[in-house]
Amino acid sequence: MAKSKRRMTQQQEFDIMKMIFDKFLWLGFIMIVFGIYNIMMDAVKNGIAWMIIGIIMLGVFLVIIVKEFEIIKH
């Protein structure tokens, strides 16, 4: 017999999305802080590269969140 899949409520989906996106926020923040640390240790090019990667990650995160809320809103 095949088990039927349970559907999640919107609140449960939103809670899972928050937990996943929280990890992206921390990862982007850590990359930016690591870039600042490298700049302070005279590795300017490497530090700036880490900061740019962190900023790009946070930008992608922002786009995903906006798209998700547009889908939920409609």
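The values are calculated or read from the model by the stated rules, or taken from the named source; none is laboratory data. As the structure is a prediction and not an experimental result, all values here were calculated from the model. Positions of Cβ are backbone-derived with ideal geometry, glycine not excepted, and every protein chain shown enters the neighbour counts. Please note that ligands, DNA and RNA were not included when accessible areas were found on the heavy atoms of the full protein model with its side chains. Shrake-Rupley method; radii C 1.70, N 1.55, O 1.52, S 1.80 Å.
When you check VAL60 against the structure, is it in a helix (DSSP H, G or I), out of contact with any Ser or Thr (no Cβ under 8 Å at 6 or more places or on another chain), β-branched (Val, Ile, Thr) and under 28 Å from THR9 (Cβ atoms), yes or no? Yes. Residues in segment 1-14 include none that are modelled with pLDDT of 80 or more, open to solvent by less than 70 Å² (accessible area, probe 1.4 Å) and assigned to a helix (DSSP H, G or I). For segment 1-53, a residue qualifies if it is within 20 Å of the chain's Cα centre (by Cα) and β-branched (Val, Ile, Thr), and the qualifying residues are ILE16, ILE20, ILE30, ILE32, VAL33, ILE36, ILE48, ILE52, ILE53.
On the stretch given as segment 31-74, residues that are touching a residue at least 12 places away in the same chain (Cβ under 8 Å) and open to solvent by 90 Å² or more (accessible area, probe 1.4 Å) total 1.
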